[in-house]
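Undergrad: Structure below; questions to follow.
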Amino acid sequence: MRSDGELLRAVTADGDRRAFEELYRRYAPWLAARMRTRCADASLVDDVVQETFLAVWRGTARWHEDAAGADAAGWLWRIASRRLVDALRGAGARGRLRQALARLRHRDEVSAEERVLAGVEHGDLAGALVRLSPELRAVLQATVVDGLTTREAAVLLGIPPGTVKTRAMRARRQLREALA
């Protein structure tokens with residue numbers, strides 16, 4: 001079995017179709033599952049995953065092993081999350097959010113996760129989160145909501161791992177103060 005770095009080099013340098021297929025089988029399900037934590041629209045998530053791998057195949061997403069630290073998952077996540085943000089901006093995220101909330105209201109039973117998310121969206125925490133700078137919110141999104149490691153978040157956000165740690169610490173401190 002080839003390493004992620006070997007697969008990516010084969011795809012980006014040689015256009016190796018078998019390497020691309022192996023990379024896709026290895027990461028597409030994981031990437032789709034991670035994207036679904038950010039977006040409830042399954043068809044949009046599928047489109048974003050396909051666009052991500054299409055960018056890899058066409059070479060519009062550049063793999064630089066030294067810059068990415070040979071972390072294929074973080075690199076793919078970074079591409080996909082940016083494409084998801086672009087898709088949500090272009091297709092009217094508010095409309096999809098209203099549809100998702102309407103579907104939730106028509107369910108008989110609301111899950112604990114949905115109750116927590118509603119509290120985050122409408123409670124004191126929502127106000128505290130809104131008051132955070134976009135940089136601090138992005139770090140919290142990546143590390144807490146998406147569950148990325150510091151290293152993965154650093155790759156996703158394009159900042160050093162130490163900066164991720166510092167921003168996460170500042171965000172937690174500001175949230176504690178706001179909610180006290």
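The values are calculated or read from the model by the stated rules, or taken from the named source; none is laboratory data. No experiment lies behind these values; they were computed from the predicted model shown. Don't worry about glycine lacking a Cβ; one is built from the backbone with ideal geometry, like all the others, and counts go over all protein chains shown.
Undergrad: Would you confirm, using the coordinates I've provided, whether Ala67 is outside any helix (DSSP H, G or I), modelled with pLDDT under 85 and of a type in the set (Gly, Ala, Ser)?
TA: Values: outside any helix (DSSP H, G or I): no; modelled with pLDDT under 85: yes; of a type in the set (Gly, Ala, Ser): yes.
Considered against the rule, which asks whether it is outside any helix (DSSP H, G or I), modelled with pLDDT under 85 and of a type in the set (Gly, Ala, Ser), Ala67 comes out as no.
Undergrad: Which one is surrounded by the fewest Cβ atoms within 10 Å (Cβ to Cβ) among residues in the stretch 129-175 that are part of a loop (DSSP other than H, G, I, E, B) and of a type in the set (A, V, I, L, M)? Talk me through it step by step, then tell me what you get.
TA: Of all residues in the stretch 129-175, those part of a loop (DSSP other than H, G, I, E, B) come to 132-133, 146-149, 158-160.
With of a type in the set (A, V, I, L, M) added as a condition, the list becomes 132, 148, 159.
Values: Leu132: 18, Leu148: 23, Ile159: 16.
That would be Ile159.
Undergrad: Return the total of residues in the stretch 27-40 being without any contact (Cβ under 8 Å) to a residue 40 or more places away in the chain and either surrounded by 16 or more Cβ atoms within 10 Å (Cβ to Cβ) or among the aromatic types (Phe, Trp, Tyr) (or both).
TA: Of the residues in the stretch 27-40, the ones without any contact (Cβ under 8 Å) to a residue 40 or more places away in the chain are 28-29, 32-33, 36.
Within this subset, residues satisfying the condition of being either surrounded by 16 or more Cβ atoms within 10 Å (Cβ to Cβ) or among the aromatic types (Phe, Trp, Tyr) (or both) are 28, 32.
Looking only at that region, the number is 2.
Undergrad: While we're here: From the list Gly95, Gly127, Gly158, Gly90, pick out the single residue that is at pLDDT below 85 and farther than 29 Å from Asp47 by Cβ. Break it down into steps so the answer makes sense when it comes.
TA: Details: Gly95 fails: farther than 29 Å from Asp47 by Cβ; Gly158 fails: farther than 29 Å from Asp47 by Cβ; Gly90 fails: farther than 29 Å from Asp47 by Cβ.
Residue meeting the stated conditions: Gly127.
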